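We did not get these values from a lab; they are worked out from the coordinates using the rules stated. Quantities reported herein were computed from a predicted structural model and do not represent experimental measurements. Cβ coordinates were reconstructed from backbone atoms using ideal geometry, including for glycine residues, and neighbour counts include every protein chain displayed.
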Amino acid sequence: MKIAMLHWGFPPIIGGVETHLVSLMPELVKMGHKVSLLTGAAEDAPEHFDFKGVDIRRSQFYDLNWLFKSNFQEVDDNVWDITVGFLNRTKPDVIHAHNMHYFSRYHTRVLEHYALQHRVPLILTAHNAWKDKLFLDLTCKVAWDRIIAISHYIKRELMAVGVPEEKITVVHHGIDDKLFHPGKASSRIFRDHPKLKRKKRLVFNPARLGIAKGCDIMIEAFRLVKDKFPDAFLLMSGSGNIIDWGLTQNKDIAFFVTLIKHLGLEDSVYINTFSLSKEMPELYRLADVIAYPSSSEEPFGLTMLEAMASGKPIVVTESGGMPEIIKNDINGYVIPKGNHECLAERIIRLLSDEKLRHKLGKNGRQQVERIYSRRIYAENISKVYEDAIKEYPKTRKRRIKPKRKFFIAREEITV
């Protein structure tokens, strides 16, 4: 089938949804589907290119960072032209939007109008949930035919605001278990990052740097880990290109740097940005323990699957969808949010017991191979497409074509 996907970002923009698309779309192509993506512009990235068989098209009018700075002013005609032009070229059997139940009424209403007019199923993957009027409007008042929730936590959030349960399908993410796998790290990672050499006890915090991700809790906990293991070393994965519509990341990073200096950890913490496909898998293999102490309600957390696929135990917080995947003494540990002492205790326990680390890591790897591979995930998503097309109401009336191709208000499209 022909699948039109839309999302705000794609590498070199890095984030959970972007990583998810990198894994999912080529797998759908391998299954015989024709996949296209409309996404935001990125510095030094081509506007149109092929990514492992996926047709990628970029537009400034899907760049959330740019749209935020412009306050979404005078973009309606352009959003219409870009979106409808993409869909007319793609001629999709299904339209699959990612996180377009938030940020912009313009973009979502164009999609809705096109889907209804052309009688194409409109599918949303809800990677997040928010607490404001825009979320309510674009989640509940748009004609989504199916909503894919990435966790049971997100499903509960959707149902709480009135989305019918029968419209929601929970599909946990999958991971490339050939890219992320157990083994020794390549010597190349030491050449590129000399500070990582000869570290006996390495704790890896692969979260995007931000207060919401609990990076301050990680730093505070690591001070206690250092008291027990003076040779311990903390690796934190920075984020260069992200969708930072609130422009808060730089403020958070400045605080983390100050906190590290304040606690006297400058020589024991290394922060840098790393490439998704080349360096991140090596870092997982290099680490002894993975920690992801999110302070917010984490919708899912791909880091869990990356750690499990790499055969490494992970400590997460009782946050959002993460306890659905991580189980105590099975593949890692779940701790309360905001508790740096509990986080330190679990890390110390794992660093002290190599057999325990091996057992939990092995269990996680087996779970990925059995349940969370990207092939299994792509098959589950494809099934949602097939069901949506099969059950699409054939009698749904066609909408009359609009006389004018622009919005008369932020809330509605001219029809």
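Quick notes on this one:
- Filter result (surrounded by 20 or more Cβ atoms within 10 Å (Cβ to Cβ) and either touching a Pro at 6+ places or on another chain (Cβ under 7 Å) or among the basic types (Lys, Arg) (or both)) within segment 78-94: VAL94
- Some residue of segment 64-71 being more than 23 Å from GLY85 (Cβ to Cβ) and of a type in the set (A, V, I, L, M): no
One line per residue, one yes/no per condition, for (1) surrounded by 14 or more Cβ atoms within 10 Å (Cβ to Cβ); (2) free of Cβ contacts under 8 Å to residues at least 60 places away in the same chain; (3) over 19 Å from the mean Cα position of the chain (by Cα):
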position: TRP130; (1), (2), (3): yes, yes, no
position: ALA149; (1), (2), (3): yes, yes, no
position: TYR153; (1), (2), (3): yes, no, no
position: GLU165; (1), (2), (3): no, yes, yes
position: HIS173; (1), (2), (3): yes, no, no
position: VAL203; (1), (2), (3): yes, no, yes
position: PRO206; (1), (2), (3): yes, no, no
position: GLY210; (1), (2), (3): yes, yes, no
position: VAL225; (1), (2), (3): yes, no, yes
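- Options LEU122, LEU138; residue that is touching a His at 6+ places or on another chain (Cβ under 6 Å), among the aliphatic types (A, V, I, L, M) and within 22 Å of PRO92 (Cβ to Cβ): LEU138
- Being crowded, with 17+ Cβ neighbours inside 10 Å and not in a helix (DSSP H, G or I) is a condition met by no residue of segment 43-53.
- Selection within segment 23-75 - among the β-branched types (Val, Ile, Thr), closer than 28 Å to GLU386 by Cα and in contact with a Phe, Trp or Tyr (Cβ under 8 Å, 6 or more places away or on another chain): THR39, ILE56
- Residues within segment 339-360 that are buried (at least 17 other Cβ atoms within 10 Å of the Cβ) and acidic (Asp, Glu), tallied: 1
- Condition check for PHE61: farther than 25 Å from ILE381 by Cβ, free of Cβ contacts under 8 Å to residues at least 60 places away in the same chain and part of a helix (DSSP H, G or I): yes
- For segment 184-207, a residue qualifies if it is closer than 14 Å to PRO281 by Cβ, assigned to a helix (DSSP H, G or I) and touching a Leu at 6+ places or on another chain (Cβ under 9 Å), and exactly one does: ILE189.
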